[in-house]
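**Student:** Can you read through this structure? Questions will come right after.
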Amino acid sequence: MNNFEVFSHIECFIFDVDGVLTNSDVLVQQDGKLLRTMNIKDGYAIRHAVEKGYKVVIISGGKSEGVRIRLQNLGVEDVYIGVREKMDVFDQIVDQYDLDEGHILYMGDDIPDYQVMRRVGLPCCPSDAVQEVKQIAQYISPLAGGKGCARDVIEKVLKLQGDWM
């Protein structure tokens, strides 16, 4: 997609975690806990978007309290983890904040993200998303999950709206 005009109307970012804000790998510890890595540049962009007044929401099937703490430390107030039905949380968020679905960017990478992506104005995915998600994405980042794909889309939106620098 070469037309970045669609990024100029975004007011809300919704991100999945595993495969988007992290790569698709987890390190399994002896006690069964899972360790993930997050990209520091994604973190900067998320904090900057929040500081500029954009709504940032996280909806994840994963259940990591560490992920919740990290994102809350970046200023994200709406962090939903352990979510089985992402559409339920999406509908709740849209109603709670009276959001226009056409002004929402959602970035997901796998089948649990599919239905929400079909509802938003700008469905996006990282370069290593599953094929079904790539088929409905209006923008596929050249960057993989956990490698700066969230910053890629946030930066585009904020630059087009004069909020980056």
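**Student:** Could we say that VAL26 is closer than 19 Å to PHE7 by Cβ and not basic (Lys, Arg) here? Even if it seems obvious, please write down each step before you answer.
**Tutor:** Working: closer than 19 Å to PHE7 by Cβ: no; not basic (Lys, Arg): yes.
Criteria not met by VAL26.
**Student:** Return the pair list, or none, for Cβ contacts closer than 7 Å from residues in region 137-165 that are among the aromatic types (Phe, Trp, Tyr) to residues that are surrounded by fewer than 16 Cβ atoms within 10 Å (Cβ to Cβ), at least 6 apart or on different chains.
**Tutor:** That search, which allows pairs on different chains as well, returns TYR139/MET1.
**Student:** Also, I was wondering about something else. Applying the selection to region 48-69, what residues are within 14 Å of the chain's Cα centre (by Cα) and farther than 17 Å from ILE10 by Cα?
**Tutor:** Answer for region 48-69, where residues must be within 14 Å of the chain's Cα centre (by Cα) and farther than 17 Å from ILE10 by Cα: ILE59, SER60, GLY61, GLY62, VAL67, ARG68.
**Student:** Show me the helices (runs of 4 or more DSSP H) entirely contained within region 69-165 in which 3 or more residues are of a type in the set (A, V, I, L, M) and within 16 Å of ILE59 (Cβ to Cβ). Break it down into steps so the answer makes sense when it comes.
**Tutor:** On the way: elements: 86-97, 114-117, 131-136, 149-160.
Result: 86-97.
**Student:** Between a first residue in region 23-41 that is under 24 Å from ASP152 (Cβ atoms) and among the polar types (S, T, N, Q) and a second residue that is at pLDDT 80 or above and assigned to a strand (DSSP E or B), which pairs have beta carbons less than 9 Å apart while being 6 or more apart in sequence or on different chains?
**Tutor:** Here the result reads SER24/ASP18; THR37/THR22; THR37/LEU27; ASN39/THR22, each pair linking region 23-41 to a residue that is at pLDDT 80 or above and assigned to a strand (DSSP E or B).
Okay, residues lined up against (1) buried (at least 17 other Cβ atoms within 10 Å of the Cβ); (2) at pLDDT 95 or above; (3) charged (D, E, K, R):
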| site | (1), (2), (3) |
| --- | --- |
| TYR97 | no, yes, no |
| ARG119 | no, yes, yes |
| ALA137 | yes, yes, no |
| ARG151 | yes, yes, yes |
| LYS156 | yes, yes, yes |
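The values are calculated or read from the model by the stated rules, or taken from the named source; none is laboratory data. Not measured: the values here are computed from a predicted model. So basically every Cβ, Gly included, is an ideal-geometry build from the backbone, and we count neighbours across all protein chains shown.
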